[in-house]
Amino acid sequence: MIDTAILKQKLGDLDEDGVIQALDEFIAGNPSPEETQLVVEACQQGMEIVGDNFENGTYFVGDLMYAAQILTSSLETLKPLMSAGAGQASKGTLILGTVAGDIHDIGKNIFKALSEAAGFKVVDIGIDQPAAAFIEAAKANDADLIGLSGVLTLSIASMKETIEALQAAGLRDKIKVLIGGNAVSQEASDFIGADYWTKNAAAAVKKGLEYVS
Ligand code: B12
């Protein structure tokens with residue numbers, strides 16, 4: 001099994017070759033979806049190191065972009081290992097997007113991959129999406145769940161607007177709303193009026209399955 005502390009640090013250090021080598025060795029060991037989930041969590045923690053270094057002035061926007069590039073290609077490698085349920089009947093429909101003002105999508109894409117693996121039909125509407133786009137997609141696809149992603153502090157206001165629009169469209173009672181990303185917290189969730197909040201995509205998939213069962 002991979003040493004997740006080392007992987008986390010390698011990503012934090014932007015050591016692309018080190019990350020690739022560690023993941024290649026990990027994959028060669030034929031890991032389970034659960035082991036893969038631990039590796040995804042280590043990558044998420046590595047990105048926190050990157051974020052901290054950006055905040056304290058050691059890294060710049062170019063470093064954030066480089067980190068995103070390393071993580072995105074790593075996730076492509078890990079994606080097939082996360083899945084268990086390809087080909088099964090749909091468990092429900094999830095509309096997923098990053099809210100207005102925010103273009104971060106790596107966490108969203110992880111949640112998407114895990115949700116698809118669990119059997120959800122996922123309609124991914126992309127990044128920087130206004131409330132109206134979520135409502136339109138929810139109506140067009142008869143959604144069971146909506147997933148709002150956001151890592152910026154300002155995303156909290158966009159998430160609140162989206163839920164208010166859902167309410168105004170008369171859809172709030174029939175659709176559960178899950179929120180995720182670095183910006184969310186219990187306090188933010190209470191303010192927004194979400195049904196569930198998390199920074200752990202795997203936990204959210206379990207909750208989603210509970211909602212549709
Ligand atoms: C990579 C990165 C970028 C990349 C994003 C590339 C991409 N394609 O996403 C780029 C370079 C584009 C970028 C830009 C900017 N960034 Co940036 N970025 C990051 C960084 C380092 C990592 C984010 C990430 O991918 N994390 C890894 C993923 C896996 O974690 P996650 O998103 O939390 O997702 C997990 C869970 O939360 C959950 N999840 C996520 N979404 C959802 C949705 C649902 C429904 C559910 C259930 C679960 C779920 O599942 C995931 C797996 O478990 C963070 C630091 C951090 N700590 O987050 C800063 C950070 C978010 N960025 C920041 C900033 C300031 C910016 C810029 C303003 C910089 C600038 N001056 O231009 C711009 C903003 C652009 C915009 N309008 O959005 C700040 C935000 C500060 C704040 N409080 O608002 C942070 C926190 C860095 C910092 N510490 O200062 N950034």
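Tabulated data
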quantity: Electrostatic dipole magnitude of the chain [Cβ: Lys, Arg +1; Asp, Glu -1; Cα centre; debye, to 20]; calculated: 840
quantity: V212, V39 arranged by Cβ crowding within 10 Å, fewest neighbours leading; calculated: V212, V39
quantity: Of the DSSP H helices in the chain, those whose Cα atoms cover at least 15 Å axially and whose Kyte score averages -0.5 or more; calculated: 16-28, 33-55, 61-82, 106-117, 131-141, 155-168, 201-212
quantity: Fewest-first sequence of L145, L75 by Cβ atoms within 10 Å of each Cβ; calculated: L75, L145
quantity: Packing-based exposure ordering (other Cβ within 10 Å, fewest first) of S90, S189, S158, S213; calculated: S213, S90, S189, S158
quantity: Simple Cβ-charge dipole of the range 92-212, Lys/Arg +1 and Asp/Glu -1, about Cα centre, in debye nearest 20; calculated: 260
quantity: Structure-based [θ]222 nm, the chain - -39500 (n - 2.57) summed over DSSP H runs of at least 4, per residue, nearest 500; calculated: -18500 deg cm²/dmol
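Where a number appears in this text, it was derived from the coordinates with a stated rule and is not lab data. Remember, it's a predicted structure, so these values are computed and weren't measured experimentally. Cβ sites come from the backbone with ideal geometry, for glycine too, and all protein chains shown count toward neighbours.
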